[in-house]
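First the structure, in the form of C-alpha cells, and then the observations on it.
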Amino acid sequence: MTRAVVVPVLTIDGPSGSGKGTVSRLVAERLGWRLLDSGALYRAVGYAAGAAGLDLSDVDAVTRCAESTRIRFQPSVDGQDTRVLVNGHDATDELRTETAGAAASAIASIPSVRQALVDLQLGFRKAPGLVADGRDMGTVIFPDAAYKVFLTASAAERAKRRYKQLKEKGLSVTLSGLQREIEARDARDASRAVAPLKPAADAVLVDTTGMPIDEVVANVFAVVRP
C-alpha cells in the first residue's frame with residue numbers, strides 16, 4: 001500500500017501589523033511554496049457582505065454570504081502582486097482598508113462563518129508546501145503543521161507601521177487613532193470564544209518590535225531550515 005505524502009506546512013500567526021503578511025510572502029517565495037493569506041478571505045467576505053448591504057451582526061445572512069462568496073487569488077500583470085477577486089470584482093485595494101479589517105474582525109467571531117471558510121483554507125495545502133498566514137493557522141486550521149511561528153510586536157510599533165503604509169497611499173489617518181483601533185482589535189481577537197488569537201503551544205515566538213524585515217525573515221526561515 002502506498003503511503004500518502006504529507007505536504008509540509010509553515011504557519012505564521014500573529015496580530016495585525018506584526019509583519020506576518022510581508023514575512024509570509026517572502027518566506028514562501030524563498031521556499032518555492034504556496035501562500036495562503038487567510039485574512040484576505042475574511043476581508044473578502046466582509047467586503048461582499050458590505051456590498052450586499054448586510055448587517056454584520058446578522059449571523060444567518062453573513063454566514064450565507066460566506067458560503068456563497070466566490071474568492072479567487074490572481075497574480076497581477078507584472079507579477080509583483082496578488083490580486084483578490086471577490087465575486088468576479090478585483091477588490092484588492094478595498095480589502096486593504098481599515099474598514100475591511102474591522103469588518104473581517106467582526107465576522108471572524110462568528111463560528112458558522114469560520115466553519116464556512118475551513119475547507120477553502122485546507123484546499124491550499126498542496127505540494128511542494130504551504131506557508132499559511134493568519135491568526136489561527138497553527139491552532140485550528142493546520143494543528144498538525146510541522147513548523148509554526150507566532151509573530152508579535154508592541155501596539156505602538158504596529159500602529160507606526162500601519163500609519164506609514166496608509167500615509168504613503170495618501171490616506172488621512174492619525175497615529176493615536178490607529179493605535180486605539182489596533183488595541184481594540186487585539187482585545188476582540190484574543191477574547192472571542194471561537195479560535196481566539198493566541199500562539200500554538202508548539203509555535204516559535206518572534207517579537208518583531210524594532211527588527212528589520214530581513215532579520216524577521218531569517219528567524220522564520222530558520223524554523224524550517226535550521
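The values are calculated or read from the model by the stated rules, or taken from the named source; none is laboratory data. Everything numeric in this text was worked out from a predicted model, so none of it was measured. A quick note on method: Cβ atoms are made from the backbone with ideal geometry, for glycine too, and the neighbour counts reach across all protein chains shown.
Summary table
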read-out	value
Members of the range 115-124 found to be hydrophobic (A, V, I, L, M, F, W, C) and touching a residue at least 24 places away in the same chain (Cβ under 8 Å), listed by number	Ala116, Leu117, Leu120, Phe124
Qualifying residues in the range 1-54 (those that are among the acidic types (Asp, Glu) and under 13 Å from Gly134 (Cα atoms)) - the one surrounded by the most Cβ atoms within 10 Å (Cβ to Cβ)	Asp13
Verdict on Val217 being surrounded by 11 or more Cβ atoms within 10 Å (Cβ to Cβ), touching a residue at least 40 places away in the same chain (Cβ under 8 Å) and outside any helix (DSSP H, G or I)	no
Counted residues, the range 167-195 - those being touching a Ser or Thr at 6+ places or on another chain (Cβ under 8 Å) and of a type in the set (Lys, Arg)	3
Residue list for the range 192-212, restricted to those being buried (at least 18 other Cβ atoms within 10 Å of the Cβ) and among the β-branched types (Val, Ile, Thr)	Val206, Thr208
Of residues in the range 170-192 being in contact with a Leu (Cβ under 7 Å, 6 or more places away or on another chain) and assigned to a helix (DSSP H, G or I), the one nearest to Ala106 (Cα to Cα)	Asp189
Complete set of residues in the range 193-210 that are under 18 Å from the mean Cα position of the chain (by Cα) and assigned to a loop (DSSP other than H, G, I, E, B)	Val194, Ala195, Pro196, Leu197, Lys198, Pro199, Ala200, Ala203, Thr208
The range 43-53, residues that are hydrophobic (A, V, I, L, M, F, W, C) and under 14 Å from Val113 (Cα atoms)	Ala44, Val45, Ala48, Ala49
Long-range neighbours under 7 Å by Cβ, at least six apart or interchain, first residue closer than 17 Å to Ala155 by Cα and not assigned by TED's automatic domain parsing to the domain that holds Val118 within the range 195-212, second in a loop (DSSP other than H, G, I, E, B) and small (Gly, Ala, Ser)	Asp207/Ala153; Thr208/Ser18; Thr208/Gly19; Thr208/Ala153; Thr209/Ala153; Thr209/Ser154
Members of the range 79-102 that are hydroxyl-bearing (Ser, Thr, Tyr) and outside any helix (DSSP H, G or I)	Thr82, Thr97
Lone qualifier among Ser112, Ser105 - being touching a residue at least 60 places away in the same chain (Cβ under 8 Å), out of contact with any strand residue (DSSP E or B) (no Cβ under 9 Å at 6 or more places or on another chain) and either hydroxyl-bearing (Ser, Thr, Tyr) or part of a loop (DSSP other than H, G, I, E, B) (or both)	Ser105
Of all residues in the range 95-147 being acidic (Asp, Glu) and buried (at least 21 other Cβ atoms within 10 Å of the Cβ), the one that is farthest from Ala200 (Cα to Cα)	Asp133
Some residue of the range 161-169 being surrounded by 14 or more Cβ atoms within 10 Å (Cβ to Cβ), modelled with pLDDT of 90 or more, outside the structural domain of Arg70 (by TED's automatic domain parsing) and in a helix (DSSP H, G or I)	yes
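For every residue, the table says whether it meets (1) farther than 25 Å from Arg162 by Cβ; (2) in a helix (DSSP H, G or I); (3) touching a strand residue (DSSP E or B) at 6+ places or on another chain (Cβ under 8 Å).
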{"site": "Leu26", "(1), (2), (3)": "no, yes, no"}
{"site": "Leu36", "(1), (2), (3)": "no, no, yes"}
{"site": "Tyr42", "(1), (2), (3)": "no, yes, no"}
{"site": "Val62", "(1), (2), (3)": "yes, yes, no"}
{"site": "Phe73", "(1), (2), (3)": "no, no, yes"}
{"site": "Val77", "(1), (2), (3)": "yes, no, no"}
